[in-house]
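First up is the structure itself, then whatever we jot down about it.
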Amino acid sequence: MDVPYSLGLHEIAPDTYAYLQPDGSWGLSNAGLIVSGDEAVLVDTLFTVPLTRDLLAAVDEALPHVTIGTLVNSHNDGDHWWGNQLLPDAEIIASEAAAADMRGEHLHAVLAAPGDLPLPRVVQRMRKVFDFSGITPNLPSRTFSGELELTVGRRTVRLIEVGYAHTRGDVLVHVPDAGVLFTGDLLFIGGHPVVHSGRIGNWIAACDLILGLDAETIVPGHGPVVGKAEVRRFRTYLERVREHGVSAHGAGLSVLEAAREMDLAGFTDLADPERLVLNLGAVYRELNGDGTPGELDLMVLLDEFDEPRLAPRPAAKVAGDVLALAGGLESTVRQLFGGGDAGPLEGFPVPNVLAVIGHHPDLLAHLAPLLAQLNQGLIPPRARELAILRTAHRSGSPYEWRHHVRLGALVGLTGPEIARVPAGPDHPGWNEDDRTLLRAVDELHDAHALSTGTWQALVARHREPQVLELLALVGTYRMIAGILNSCRVPIDPWLAGAAA
Ligand SMILES: [Zn+2]
């Protein structure tokens, strides 16, 4: 079932609901509801009292006859239980390990404290975005270890503890009669996950357990409702982090260096890449075996993760250069800002990619006409953006990905199409034209040449100059990705909130 990723309560199977909070970044978690007759089990409350009030109001509006008698907290992160106090009469269930961490928890008071505190940027941002006032921790009234079966009306809900994965007390909530699984934070979709007190090896094992369950509709702790293909991809991510962490640790790299040097090819679409610091730190902690580096020490490093190697040149200086020579690039830059076709470029901020290359004005002067030609050349805009997105993805450039998500949407790529670019040419959703294009990009990455079959498919569809331009396009955007990744060009703030 295709569940739209929009704020609110969605019926994902008969009498089974997910409450989704896009975009799923820090603190924006999902909840679940399993109903039978007038009884219901709620899976998780939300980060704050007001957000949880919205959740309960949505339930009340859709299902006025239902009483939530049982609440399950999937783990001890605040975004899954700090709204518990709004269900004073419900039985609250968590694993014993999660409950132990909830009892010792005091972070909500830090977040609610007034005034400026020396906290990492992500935490500062959460203090701005969320209203942490009025939280009174309402702890679990019932705990368990291993497995627990609940009965709600005529339905069975299975709680399966798989601790020490994301945290030490993680619980899966399986609804066998609906083929639905609520994973809590054992699954993140659309963003990098976070390893807190858990361990990556156990998390990979938890993915295998999930893949073995009879559940085709899977609600992650953060992000849209998915199926098992996304769990497999998530498992690959964890494996890649573990492999990279082990080799970086062996090579004597610091956690920060390891995070910055992680090859993101295949995972450019994931938001919150700074979380690599926490995840690789967890691998290091396991390898060190002495509890270091601690999570708080890692949090301090988050702000340093995306510090540029080569800072964008002051906009005023580059603006002059760009205006003087950009020519055809103007309309691309205008589109990026959502501006119209007319009017001078002055007043638009200069994208960081140009502001960084602008350190070498002559290079920028020669590159700009090539980019302009490729962006307004012979390849139809939709095909061009599809090829660039796949190139960005294969080249591990979140910057290039983010820019071309916006440009692609402007020339007709749909949300679902953009979302399946990471899956590559073999995804069944593509038509033959798109598949040929994506395959060409992949072959240029993997073999630096087109296969006979792809060449023939391309020349059957396009004139030879168009094929030449496609080859130049892919090569150029690989080169740009190399510059973006190596200089660590920061994603432009005006694009930071754009859907990934
Ligand atoms: Zn969470």
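What full-extension length gain, to one decimal in nm, is calculated for Ala100 and Glu295 as 0.36 nm per residue of separation minus the Cα-Cα distance?
Additional length available on full extension: 68.4 nm.
Within the chain, antiparallel bridges make up roughly 65 percent of the DSSP beta bridges whose residues both belong there.
If we count other beta carbons within 10 Å of each Cβ, what is the order of Glu400, Glu216, Glu286, fewest first?
The most exposed by this proxy come first: Glu216, Glu286, Glu400.
In order along the stretch 22-34, the Karplus-derived 3J(HN,Hα) couplings, from 6.51 cos²θ - 1.76 cosθ + 1.60 at θ = phi - 60°, round to x, 9, x, 6, 2, x, 9, 9, 9, 10, x, 9, 10 Hz, and Gly and Pro are given as x.
Taking label points 7 Å from Cα along the Cα-to-Cβ direction, Phe144 and Gln85 give a separation of 2.8 nm. Taking 0.36 nm per residue of separation and subtracting the Cα-Cα distance, full extension of the segment from Ala251 to Arg463 would add 71.4 nm.
The alpha carbon centroids of the stretch 423-479 and the stretch 256-320 are separated by 32 Å. For the pair the stretch 367-408 and the stretch 56-109, the centres of their Cα atoms are 45 angstrom apart. Spin-label pair Ala472-Arg53: with each label point 7 Å from Cα along the Cα-Cβ axis, the two points sit 6.0 nm from one another. Using the Cβ-Cβ distance between Asp433 and His366 with R0 = 45 Å, the FRET efficiency computed as 1/(1 + (r/R0)^6) comes to roughly 0.90.
Annotation for the stretch 181-254 versus the stretch 110-167: alpha-carbon center distance of 19 Å.
Judged by the mean number of other Cβ atoms found within 10 Å, the most tightly packed of the peptides 435-442, 162-169 leads the ranking 162-169, 435-442.
If you take the beta carbon distance between Asp303 and Leu7 as r and set R0 to 30 Å, what does 1/(1 + (r/R0)^6) give as a FRET efficiency, to the nearest 0.05? Please list the in-between numbers first.
Numbers: r = 29 Å, r/R0 = 0.97.
Plugging the Cβ-Cβ distance into 1/(1 + (r/R0)^6) gives 0.55.
Using Cα pairs closer than 8 Å and at least 6 residues apart in sequence, work out the relative contact order for the chain, in percent.
On the way: 881 pairs, mean separation 55.5, N = 500.
Over the chain, the number comes to 11 percent.
Above 31 Å, the calculated P(r) of the chain contains 49 percent of its Cα-Cα pairs. Modelled this way, with points 7 Å down the Cα-to-C-beta line, the labels at Asp60 and Leu117 are 3.0 nm from one another. Among the helices of the chain, those built from whole DSSP H runs whose Cα atoms reach 24 Å or more along their own axis and whose mean Kyte-Doolittle hydropathy is at least 0.5 are 464-487. The order of Asp2, Asp23, Asp272, going from fewest to most other C-beta atoms within 10 Å of their C-beta, is Asp2, Asp23, Asp272. By DSSP, the beta bridges lying fully in the stretch 8-175 are antiparallel in about 70 percent of cases. In the chain, helices alone account for a calculated mean residue ellipticity at 222 nm of -13500 deg cm²/dmol, with every DSSP H run of four or more residues adding -39,500 (n - 2.57). Ordering Gly201, Gly250, Val231 by Cα displacement along the dipole of the stretch 177-255 toward the positive end leaves Gly250 in first place; charges were set at the Cβ atoms of Lys, Arg (+1) and Asp, Glu (-1).
What's the FRET efficiency of Asn288 with Asp263 using the Cβ-Cβ distance as r and R₀ = 22 Å, to the nearest 0.05? Could the numbers behind the result be given before it?
Values: r = 23 Å, r/R0 = 1.06.
In this case the efficiency is close to 0.40.
Restricted to Cα atoms, the stretch 364-493 shows a radius of gyration and a Dmax of 14.0, 43 angstrom.
Each reported figure results from applying straightforward, stated rules to the coordinates on display, with no laboratory input. Just so it is clear, the structure is predicted and the values come from calculations on it, not from any experiment. All Cβ positions, even for glycine, are placed from backbone atoms using ideal geometry, and neighbour counts span all protein chains on display.
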